[in-house]
Each structure stands twice: as structure tokens, then as C-alpha cells.
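Structure first, commentary second.
The values are calculated or read from the model by the stated rules, or taken from the named source; none is laboratory data. None of these values were measured; they are calculated from a predicted model. Cβ: placed from backbone, ideal geometry, glycine included. Neighbour counts: every protein chain shown. For accessibility, only protein heavy atoms count, side chains too; no ligands or nucleic acids. Shrake-Rupley method; radii C 1.70, N 1.55, O 1.52, S 1.80 Å.
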Amino acid sequence: MLGAGAGTALRYSFDGVTSRTFTAPAAAVKHASLDALERMGIAFESFDRFEYGELITARSENRAVSIEIEPISPRATRMRIAAKNGSVFYDSATASEIVAQTERSLASAARAGSVNASF
């Protein structure tokens, strides 16, 4: 029985990372993800670069969030989100909501004519 519980916890920690590719430039996805964090009350902490793009780090009272923004082409961008609850488990629901709120921001920007995004 202990083995089954440990396997579930391990699978959950690996499955908790959410990603989405948007048909939008990296700068637009970055801006939309920052809007999403603000809307959700998750405080931005820092920007960093990694080999393929940019990393946004944010935090709430009980979550640590990492968002990778990776340009695929000038008009396509992959966003990968890991929201951790403590040090071991991932929170896929929070990561999924960040994706949904980012989509909302991109759609609003597209309606306003400030980004060429279709998804």
C-alpha cells in the first residue's frame, strides 16, 4: 500500500507542470503572463534568462511559480508553468489557471489590436 501512495505522489509532482503554445510573439505572451499573475494576486519576483528564453519567477503566500517563455518562431511562443505547493508537490490547477488568464489577456490585447494573436 505504501508503494502505491508513493507512486501517486511522484506522478503528481511530475504531472504538475503545465505548458501551452500560443500564436503570439514572446513579448506579448510575457506581458500577458505578468497580467495574469497580477490578476491572480501572485507577486512578481524576478526575470532571468535560460538557454531558450526567459524565466519569470513569482510567489504567493503558499505557492512558488516559475514561468518559462520560449520563442518558437517570431509568431509562436511556448509557455511552461510550474506552481509548487511547498517543496515537493506541484499545483497543476494553479498552473492551468495561469494559462487560462494568460489566454484571456492575449485575447483582450488582440481585440484591442495591440497583438497579432489567434489561438
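Largest first, the extents of the alpha carbon coordinates of region 13-119 on the three principal axes equal 40, 28, 24 Å. Spacing of the modelled spin labels on ARG63 and VAL88, each 7 Å from Cα toward Cβ, amounts to 2.1 nm.
The simple Förster model, with R0 at 22 Å and r as the Cβ-Cβ distance, assigns PHE47 and SER19 a FRET efficiency of 0.70.
What ranking of ARG75, ARG20 comes out by heavy-atom accessible area, probe 1.4 Å, highest first? Mind showing how you got there, number by number?
Details: ARG75 165, ARG20 60 Å².
Per-residue accessible area, sorted high to low, gives ARG75, ARG20.
Taking a ≥ b ≥ c as the square roots of the eigenvalues of the Cα gyration tensor of region 19-69, is the shape rounded (a/c under 1.5), prolate (a/b larger than b/c) or oblate? Oblate, because a/c is 1.5 or more while a/b does not exceed b/c. Computed extension length for SER96-ARG111: 3.1 nm, one decimal, from 0.36 nm per residue of separation with the Cα-Cα distance subtracted.
Multiplying the residue separation of GLU38 and ARG75 by 0.36 nm and removing their Cα-Cα distance gives an extension gain of 10.9 nm.
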